[in-house]
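Trainee: My structure is below; once you've seen it, I'll send some questions.
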Amino acid sequence: MDYALHQDETFQKITTAALSILSAISFLNLVLLVYLIYTHSPKGTLRSALSLKNSLLIGLSVSQIGYLVSHACYIYFPISAILSIIEAIFLASWEIFFIWVSWTRSVDMFRVTSSQSVVSVFRWIVILTTVATIVPPVTIMVQFDAGGSQIVYLGSILVSAVGIFALDTYFMVSYLLYTFQRTVETVEIKGYGADVVHIFRLIARFGLFSSMATFVCLCLVGAIAVVSSNPQGKVIEYAILIMLTDTASFFATLGLILLKVKLLQFRAQKNPREKK
């Protein structure tokens with residue numbers, strides 16, 4: 001279907017333009033994110049601002065920009081192995097950063113909604129999914145055996161997809177549980193303070209938004225696979241699904257960026273004399 005899209009100049013240009021717009025907006029989001037993190041850092045230096053969570057979020061934004069740009073180039077320019085590899089690397093990076101940003105930002109809240117054993121199980125799923133997500137671009141770059149490489153490639157994609165789906169489902173269920181249950185009583189049982197209650201509520205709301213966007217993205221990826229494998233599939237359907245899929249991934253990242261902005265605002269209000 002990629003070849004058919006390249007042969008249809010109209011939809012090729014429309015899709016490229018849509019991805020270019022998303023890339024430009026994502027870049028502006030990254031600039032704003034870095035500025036806010038820097039200005040709210042305790043010491044007002046870039047080094048002090050680059051905590052683990054902040055670094056992961058910046059990495060997520062950079063990888064999304066890289067993916068959108070490389071995807072637009074892959075669609076606009078003649079199909080090439082180099083562009084395919086670059087796109088695969090950025091896509092895998094985005095998936096990995098998204099998983100770890102969601103996990104590190106929300107794990108304390110998960111301990112409120114889940115038992116320690118459940119949290120431990122999903123921590124291992126995070127690690128295994130990360131490993132599986134790294135494999136596809138590696139198999140594209142290193143063609144050790146035609147048949148074996150294809151099996152490893154498809155197998156790793158399947159494991160990665162199942163892992164991301166499982167994690168995203170767990171994230172959404174946890175966010176919903178926290179949103180609808182009596183959070184104050186739950187947090188008091190766990191020994192947290194009032195400020196943490198508010199922070200967890202922010203994480204639940206924006207995390208749910210981000211996870212729902214990811215779920216939509218996964219569904220659209222499945223739809224793309226169906227259209228691509230259908231001999232009667234139309235280029236317009238394929239192009240629309242591509243634009244919708246990348247838009248969904250854009251909103252997934254945007255939800256986590258907005259969460260960070262809200263947390264910075266909350267901490268600035270609680271500590272007006274300090275930079276956070």
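Trainee: Consider the range 164-209. How many of its residues are of a type in the set (A, V, I, L, M, F, W, C) and at pLDDT below 75?
Mentor: Going through the range 164-209 one residue at a time, the tally reaches 7.
Trainee: Of all residues in the range 216-267 being polar (S, T, N, Q) and open to solvent by 20 Å² or more (accessible area, probe 1.4 Å), which is farthest from S106 (Cα to Cα)?
Mentor: Within the range 216-267, the match that is farthest from S106 (Cα to Cα) is Q232.
Trainee: Right, something else. So which pairs qualify, if the first residue must be in the range 60-73 and over 10 Å from L30 (Cβ atoms), the second must be small (G, A, S) and surrounded by fewer than 24 Cβ atoms within 10 Å (Cβ to Cβ), the Cβ gap must be under 6 Å, and the two must be at least 6 apart or on different chains?
Mentor: Close Cβ pairs satisfying both conditions: S63/S93; L68/S23; V69/S23; A72/S20.
Trainee: I'm told V34 meets every condition in (1) crowded, with 20+ Cβ neighbours inside 10 Å; (2) closer than 24 Å to A268 by Cα except one. Can you identify the failing condition by its number?
Mentor: The one condition V34 does not meet is (1).
Trainee: If a residue has to be touching a residue at least 60 places away in the same chain (Cβ under 8 Å) and open to solvent by 40 Å² or more (accessible area, probe 1.4 Å) to count, how many in the range 88-103 make the cut?
Mentor: The qualifying residues number 1.
Trainee: Among (1) open to solvent by 80 Å² or more (accessible area, probe 1.4 Å); (2) touching a residue at least 12 places away in the same chain (Cβ under 8 Å); (3) in a helix (DSSP H, G or I); (4) closer than 30 Å to K234 by Cβ, there is one condition I85 misses while meeting the rest; what is its number?
Mentor: So the condition that I85 fails would be (1).
Trainee: If you take the residues in the range 117-161 that are farther than 18 Å from I99 by Cβ and small (G, A, S), which one is modelled with the lowest pLDDT?
Mentor: Result: A146.
Trainee: List pairs: first residue in the range 128-156 and more than 16 Å from A81 (Cα to Cα), second residue modelled with pLDDT under 75 anywhere in the structure, Cβ distance under 8 angstrom, at least six positions apart or on different chains.
Mentor: Within 8 Å, the pairs are V135/Y153.
The values are calculated or read from the model by the stated rules, or taken from the named source; none is laboratory data. Nothing here was measured: the structure is a model prediction, and the numbers come from that model. Glycine also receives a Cβ, built like all others from the backbone with ideal geometry; neighbour counts cover every protein chain displayed. Surface accessibility is based on the protein's heavy atoms, side chains included, excluding ligands, DNA and RNA. Shrake-Rupley method; radii C 1.70, N 1.55, O 1.52, S 1.80 Å.
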